[in-house]
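The values are calculated or read from the model by the stated rules, or taken from the named source; none is laboratory data. If you're wondering where the values come from, they're calculated on a predicted model, not measured in any experiment. Reconstructed Cβ throughout: ideal geometry from the backbone, glycine too, with neighbour counts over all protein chains shown.
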Amino acid sequence: MRIAATAMIVVMSSIALGCGADRVVDPATAGVDAVAARASGPQLALPSNVTAVSASQSRIDVQWQDNSSNETGFEIQRSTTGPTGSFGLLATTGPDVTAHSDLGLSAATQYCYRARTVGVIGKKINYSGFSAAVCATTQPAVPPPPPPPSAYTVSASPWNSSTVEIRVLWTDASTAPAFRKYRSTDGGTVWELLGSSNGTTTLFHDYSRAAEQSVCYRVVAYNAGGDAAPSSAGCTTPPAEPTNLIATVVDAETLELTWTDNSAVEDRYQVWLSGMRKANCEEAGGSEYWILVADLPSNSTMHRVPALPFDCHDEGQTYNVVATNDGGQSTPVGVSAHLPTASALMGSVTPLTPDAEAGRAASVAGSYVLSLLMSGPELVLEAHIQAKGTGIPADGGTATFQVCLLKGGPTLQMVPLPSAECVKGGSGTWTRLARIPVNASGYAAMNFGIAPRIATVGFRFEYSGLRGGVASGVSLPVDFVP
């Protein structure tokens, strides 16, 4: 009767506690209860290979191996005081169940588990021994969610004609999380991932962009809590760079800059002076500087600037023209800020194959130097010509050196000299500026000046024999645009 009464107490306690009750079981007496149960009913195999795995900050999954064929369920107990602490009933399962998820847990907290097999025959409950205790710790608490889009803005401006500079501005930089960078070339319909940056990054560049094509950027902040909503988009269009920049001498103190406007999106044109400032003329390198000279309306193609004198303390002074848009600029194009230097052009005359009669002239060769000099308020081109012909027969013929000028003003195209002589005042492309005789020693020399500008210049040697034969040598045309 004592045994029956004990069994009845166990049954009634189980019914009173229920499956979800957290009944405290003393580990020191748990084995006694199990022995008593086994003594009063069939033997039950205890579960093995019990594991506990943290699935999140509030869930642990417990699994075990079912080694019994006659159980009616399993009992899982839990401890919050370690594997040797006090355990309480967590849950009971039906037969053949081998897993249980413990939910609603605290983050970053250790929980320990053990399991035993349960068998019920009539009013009698039998238990196996407990498995070894296993423990797991829930995952840390999730960081706070990312900031709202209003916490950061994105702006974009051209760095040059093929590069865009993007700035990310945070309302509170101290809390800036990492973010992903995106680009769109279709106005925001499709966004391409460019990469990610940490929260301290506020500036990045996008290279190899096409000039005159709009491009937009946005960022998405993220952390372990997830992604924030995308930022507002920053869009810009890199302007095409100007071309054909020419500095034409107006007078001794003025250059006229002209260029081709290639952009349809520029809001301004700007002229900048750049150079390298040196403390002394022997210094290697120096400090680079850029000074804004003029801020011009869109569609501008001309501006007059001072012609700067040479100074060894300011090396490489250059006038640069850029198209601007959205606070950025195109790739600059530059030209020297100085008047052309003395002895700016040097060259030689290349002989042509003479005809049979003039073949007695072995060769016709020479050299020329163009030097710039100032004459009053105007710039004068002084051409000093020195030439030497060899193999000229002493048959009474004449050798001359022609200076030819291309009609129509300055050009950058190399128009070939005519095969026949240049005719002064003629209808051809070239006109003869001067014809210089070769003296008895075989030399030709002459100084002359042209004001205020010079265009393309070419030079010819000619020898005319008594019987009409002509041997000619023609220089490569030389563009000279002060």
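Filter segment 165-183 for residues that are farther than 13 Å from G199 by Cα and in contact with a Gly (Cβ under 8 Å, 6 or more places away or on another chain); which is modelled with the highest pLDDT? Before the answer, list the steps.
Initially, segment 165-183 is screened for residues farther than 13 Å from G199 by Cα, giving 165-166, 182-183.
Subsequent filtering for residues that are in contact with a Gly (Cβ under 8 Å, 6 or more places away or on another chain) retains 165-166.
Numbers: E165: 92, I166: 87.
Here the residue is E165.
For segment 236-252, the set of residues classified as in contact with a Gly (Cβ under 8 Å, 6 or more places away or on another chain) and of a type in the set (A, V, I, L, M, F, W, C) consists of L245 only.
Residues that are modelled with pLDDT of 50 or more and small (G, A, S): list the strands (runs of 3 or more DSSP E) wholly contained in segment 6-119 that include at least 2 such residues. Fully inside segment 6-119 and qualifying: 48-56, 73-79, 87-93, 99-103.
Is it the case that segment 118-130 has a residue that's of a type outside the set (F, W, Y), in contact with a Lys or Arg (Cβ under 7 Å, 6 or more places away or on another chain) and surrounded by fewer than 21 Cβ atoms within 10 Å (Cβ to Cβ)? The answer is yes, given that some residue of segment 118-130 is of a type outside the set (F, W, Y), in contact with a Lys or Arg (Cβ under 7 Å, 6 or more places away or on another chain) and surrounded by fewer than 21 Cβ atoms within 10 Å (Cβ to Cβ).
Rundown of residues vs (1) in a strand (DSSP E or B); (2) in contact with a Lys or Arg (Cβ under 9 Å, 6 or more places away or on another chain); (3) of a type in the set (D, E), yes/no style:
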{"site": "D186", "(1), (2), (3)": "no, no, yes"}
{"site": "G199", "(1), (2), (3)": "no, no, no"}
{"site": "F204", "(1), (2), (3)": "yes, yes, no"}
{"site": "P239", "(1), (2), (3)": "no, no, no"}
{"site": "Y269", "(1), (2), (3)": "yes, no, no"}
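Considering segment 247-267, and only residues there that are under 21 Å from L292 (Cβ atoms) and assigned to a strand (DSSP E or B), the residue that is farthest from the chain's Cα centre (by Cα) turns out to be T254. The residues of segment 188-197 that are hydrophobic (A, V, I, L, M, F, W, C), surrounded by fewer than 16 Cβ atoms within 10 Å (Cβ to Cβ) and assigned to a loop (DSSP other than H, G, I, E, B) amount to a single one, V190.
The residue that is surrounded by the most Cβ atoms within 10 Å (Cβ to Cβ), counting only those in segment 312-323 that are touching a strand residue (DSSP E or B) at 6+ places or on another chain (Cβ under 8 Å) and of a type outside the set (V, I, T), is A323. Whenever a residue of segment 248-273 is modelled with pLDDT of 95 or more, its partners that are acidic (D, E) and in a strand (DSSP E or B), lying with C-beta atoms within less than 9 angstrom and at least six residues away or across chains, give the pairs R268/D295; Y269/D295; Q270/D295; V271/D295.
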